[in-house]
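Reviewing the structure listed below.
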Amino acid sequence: MPGITLDQAKTHLNVTLDADDDLISGKLATAKAWIGAYTASDPDADTAPAPIGEAVLQLTAHLYENREASLVGVTASALPFGFLDLLAPYRAFAF
């Protein structure tokens, strides 16, 4: 599986305009970096498993849709439901 592209992220987000391309690119890079650190792997590698790609898309969407650390008047979650479950088999533990 090749690394997740901007176009794939936009499709996942259902974004058709180019106005937020820079913003989405930044969120995508952040998601890849976070997941790379969590799993001690390269989410952009051609050999990355499909669950890691799905986790990249979910975290990118979460960061794009929830741009603040806290919101007033809405129910927010720390991470998308099932996100950590997708990454659990790939987590790298450091002691």
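A few points about this structure:
- Selection among Y64, L86, L13 by position relative to the dipole of the chain gives L86 as farthest towards the positive end (Cβ unit charges, Cα centre).
- Estimated [θ] at 222 nm from DSSP helical runs (n ≥ 4, -39500 (n - 2.57)) normalised by residues in the chain, nearest 500: -15500 deg cm²/dmol
- Net length available on complete extension from A94 to T5 is 29.1 nm, with 0.36 nm assigned per residue and the Cα-Cα distance removed.
- Ranking of S25, S41 by count of other Cβ atoms within 10 Å, fewest first: S25, S41
- With the Kirkwood sum run over all distinct C-alpha pairs, the chain has a hydrodynamic radius of 13.8 Å.
Laboratory data are not the source of any read-out in this text; all were calculated from the coordinates shown. Remember, it's a predicted structure, so these values are computed and weren't measured experimentally. Because the Cβ atoms are built from the backbone with ideal geometry, glycine has one as well, and the counts that use them run over all protein chains shown.
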